[in-house]
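Down below is the structure, laid out as structure tokens.
The values are calculated or read from the model by the stated rules, or taken from the named source; none is laboratory data. Quick caveat: nothing in here was measured; it's all calculated off a predicted structure. Note that we place each Cβ from the backbone using ideal geometry, even for glycine, and neighbour counts take in every protein chain shown.
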Amino acid sequence: MKNKRKVLKKVLKNKSVLLGVSGSVASYKAVDLIRRLREEGLSVTVVMTEAAGNFITRLSLEVASQNRVCTDLFSNPMAHITLPANADIFIVAPATANIIGKFANGIADDILSTCFLSFKGKVAIAPAMSWRIYENPFFQDNLKALLSRGVVQIGPDKGSLACGEEGMGKMADIATIVERIKSMLTKKDLQDEKVLVTAGPTREFIDPVRFISNRSSGKMGYSLAQAAFRRGAEVTLISGHSTLDRPDGVKFISVETSNDMLDAVNKEIESSTVFIMSAAVSDFMPLEMSEEKIEKSGELFLRLKQTPDIVSEVSKKRKRPFIIGFAAETGKHTERARRKLKEKNMDMIVFNDVTEPGSGFDADTNKVIIIDEEKETELPLLPKDSVADAILARMIEIRA
């Protein structure tokens with residue numbers, strides 16, 4: 001955790017969030033939201049409505065944020081000016097129909113609505129309410145008015161509500177809100193790029209129920225796709241089997257075999273300016289696939305052939321994108337990575353030794369060496385989100 005906080009504070013250093021909490025049953029989730037934001041290196045200051053105090057205490061929010069919580073206009077008469085002036089982003093979570101109505105109509109009769117009118121930066125709201133209220137045309141008019149003025153809406157989701165009914169109105173997941181805030185605070189230095197990322201393992205079938213695969217989780221590729229989107233790129237993610245959630249805002253294509261992945265890449269590559277081949281494509285596939293399940297009896301001799309080399313196929317194209325490949329090795333065989341960089345005509349390759357502690361399959365961290373024609377950049381053990389940002393930052397340097 002220390003490594004994670006240290007790295008992310010470099011990305012989001014000196015960034016502050018003004019968090020508004022309004023009176024919803026979902027108010028208790030604000031504590032987890034604050035915790036997650038602080039883990040990302042952000043400072044958080046909370047303003048809460050009187051109604052929110054019916055669901056969560058001021059003390060809880062002060063303990064979580066490590067900052068004094070403002071609850072009214074008069075205990076600190078200048079708070080509605082100073083707090084917005086010192087914040088980089090203003091997020092209201094949960095945002096009730098009442099507070100959204102006040103925002104939309106310029107009403108400023110409490111600390112939260114007054115801070116909203118004073119704030120000059122980026123604003124996001126995470127609505128939370130009954131589906132009946134959410135679908136009400138008066139509320140929808142208020143919501144549209146805010147969105148037309150640049151306010152960002154996060155959620156809500158469809159699910160089980162506090163009233164016991166099912167419908168649209170559940171506050172967005174904390175992870176979704178955090179990711180959107182990170183995106184809003186990130187410099188859009190890839191805004192004109194179309195980035196194609198591959199991730200996860202492929203499955204090469206022996207028969208209808210058995211296959212050859214590997215231990216890749218897809219985490220590195222998913223982190224790269226999310227980081228590129230956060231930096232403003234139009235992103236397509238082609239993924240083999242993975243249990244990970246699909247990154248928000250990213251075009252997602254699911255594949256199984258190496259041939260499926262090659263076909264998907266060929267369809268997307270012409271419009272891509274950057275190709276990141278982070279998928280762990282199986283090196284071999286059965287020479288023939290049995291159309292029926294192979295009976296379990298005695299020894300089985302399996303004849304294999306090589307799978308298509310997707311990077312090589314892309315690098316041969318007359319109009320090719322900037323290519324970033326990966327070299328996962330067991331041992332520090334960086335010479336193999338450098339050889340692949342030249343042989344496959346890539347622009348960058350990312351080497352990692354999967355036997356390193358914390359750098360193996362399914363880990364949330366990675367320790368890599370970024371290799372290009374100019375230099376080698378060795379990174380310490382970092383969260384994969386931070387590794388993704390470092391890879392993209394080096395790509396931007398090379399192309400500058």
Pick out the one residue from Ala79, Ala128, Ala97, Ala145 that is modelled with pLDDT under 95 and either at negative phi or in contact with a Phe, Trp or Tyr (Cβ under 8 Å, 6 or more places away or on another chain) (or both).
Ala79
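With the condition being among the aliphatic types (A, V, I, L, M), I'd like the strands (runs of 3 or more DSSP E) fully within the stretch 232-325 carrying at least 3 qualifying residues. Reasoning before the result, please.
Details: elements: 234-239, 251-254, 274-277, 284-286, 304-306.
Once the strands (runs of 3 or more DSSP E) in the stretch 232-325 are filtered for at least 3 residues that are among the aliphatic types (A, V, I, L, M), what remains is 234-239, 274-277.
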Based on what the data block shows, is Ser359 modelled with pLDDT under 95, assigned to a loop (DSSP other than H, G, I, E, B) and not assigned by TED's automatic domain parsing to the domain that holds Ile206?
no
Return the pairs, sorted by first residue and then second, in which the second residue is of a type in the set (Lys, Arg) and not in a loop (DSSP other than H, G, I, E, B), the first residue lies in the stretch 325-345 and is assigned by TED's automatic domain parsing to the domain that holds Ile391, the beta carbons are less than 6 Å apart, and the residues are 6+ apart or on different chains.
Ala327/Lys340
Kindly evaluate Phe284 against the criterion of being surrounded by fewer than 18 Cβ atoms within 10 Å (Cβ to Cβ), within 22 Å of the chain's Cα centre (by Cα), more than 19 Å from Gln226 (Cβ to Cβ) and of a type outside the set (D, E, K, R).
no
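For the stretch 99-113, check the following and say yes or no: at least one residue is loosely packed, with under 14 Cβ neighbours inside 10 Å and either of a type in the set (A, V, I, L, M) or in a helix (DSSP H, G or I) (or both). Before you say what the answer is, go through the steps one by one.
Taking the stretch 99-113 first, the residues loosely packed, with under 14 Cβ neighbours inside 10 Å are 105-106, 109.
Going one step further and asking which of them are either of a type in the set (A, V, I, L, M) or in a helix (DSSP H, G or I) (or both), we end up with 105.
Scanning the stretch 99-113 turns up at least one residue that is loosely packed, with under 14 Cβ neighbours inside 10 Å and either of a type in the set (A, V, I, L, M) or in a helix (DSSP H, G or I) (or both).
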Filter the stretch 47-88 for residues that are closer than 11 Å to Cys115 by Cα and free of Cβ contacts under 8 Å to residues at least 12 places away in the same chain; the one that is farthest from the chain's Cα centre (by Cα) is Met78
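So that you can scan it fast, the table gives a plain yes or no per residue for (1) more than 21 Å from Ser312 (Cβ to Cβ); (2) among the small types (Gly, Ala, Ser):
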residue	(1), (2)
Tyr222	yes, no
Gly240	no, yes
Leu244	yes, no
Asp248	yes, no
Thr257	no, no
Ala264	no, yes
Lys267	no, no
Among (1) among the basic types (Lys, Arg); (2) assigned to a loop (DSSP other than H, G, I, E, B); (3) touching a helix residue (DSSP H, G or I) at 6+ places or on another chain (Cβ under 6 Å) - the single one Arg68 does not satisfy
(3)
Taking only the stretch 186-202 into account, find how many residues are buried (at least 19 other Cβ atoms within 10 Å of the Cβ) and part of a loop (DSSP other than H, G, I, E, B).
4
